[in-house]
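One structure is given here, and the rest of the page talks about it.
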Amino acid sequence: MSRAPRRLGLEIRKPRGTPAVFFLRFPDETAARGVGEVLVADGFELTVEAEPGRWLVVARREIRRDSFDVAVRALESLAAAYGGHYAGLEPDAK
């Protein structure tokens, strides 16, 4: 079954936020790439990597400091909808 990408609807307003890296893990490549399409459409920079027994999606984007909890909840819901899980975040060291 093919899923059309949907937007998360996370808006970043001026002033720009803090760069952050979000990690999500999925049991298969199809789910990881499906979530990747959604995240790219929402303005995230993305990498998808194979790990032993699962797929890691690394999503980078600036998020307002007061919006991290909203971003985390949205990513948790998105990952769960594709059969994966949200695996955390860290400030971007770029």
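Since every read-out is calculated from the coordinates, none of them should be taken as a lab result. What you are looking at is a predicted structure, and each value in this text was computed from that prediction instead of being measured. Because the Cβ atoms are built from the backbone with ideal geometry, glycine has one as well, and the counts that use them run over all protein chains shown.
Things to note:
- Note, ³J(HN,Hα) from phi for the stretch 75-82, Karplus 6.51, -1.76, 1.60, rounded to Hz, x at Gly and Pro: 5, 4, 5, 4, 4, 4, 4, 9
- Exposure proxy order (Cβ contacts within 10 Å, fewest to most) of D42, D69: D69, D42
- 3J(HN,Hα) from dihedral phi, the stretch 49-64, Karplus parametrisation 6.51/-1.76/1.60, rounded to Hz, x for glycine, proline: 10, 7, 10, x, x, 6, 10, 9, 10, 10, 10, 10, 5, 7, 10, 4
- Using C-alpha pairs under 8 Å with a sequence gap of at least 6, the mean separation divided by the residue count of the stretch 18-91 gives a relative contact order of 48 percent.
- Annotation: amide H of I63 within the under-5 Å range of G17, T18, A20, sequence separation 5 or more or interchain, hydrogens built in the peptide plane.
- Each listed q (0.11, 0.21, 0.22, 0.23 Å⁻¹) maps to a log10 I(q)/I(0) for the stretch 18-91, found by the Debye formula over equal Cα scatterers with no solvent: -0.22, -0.83, -0.91, -0.99.
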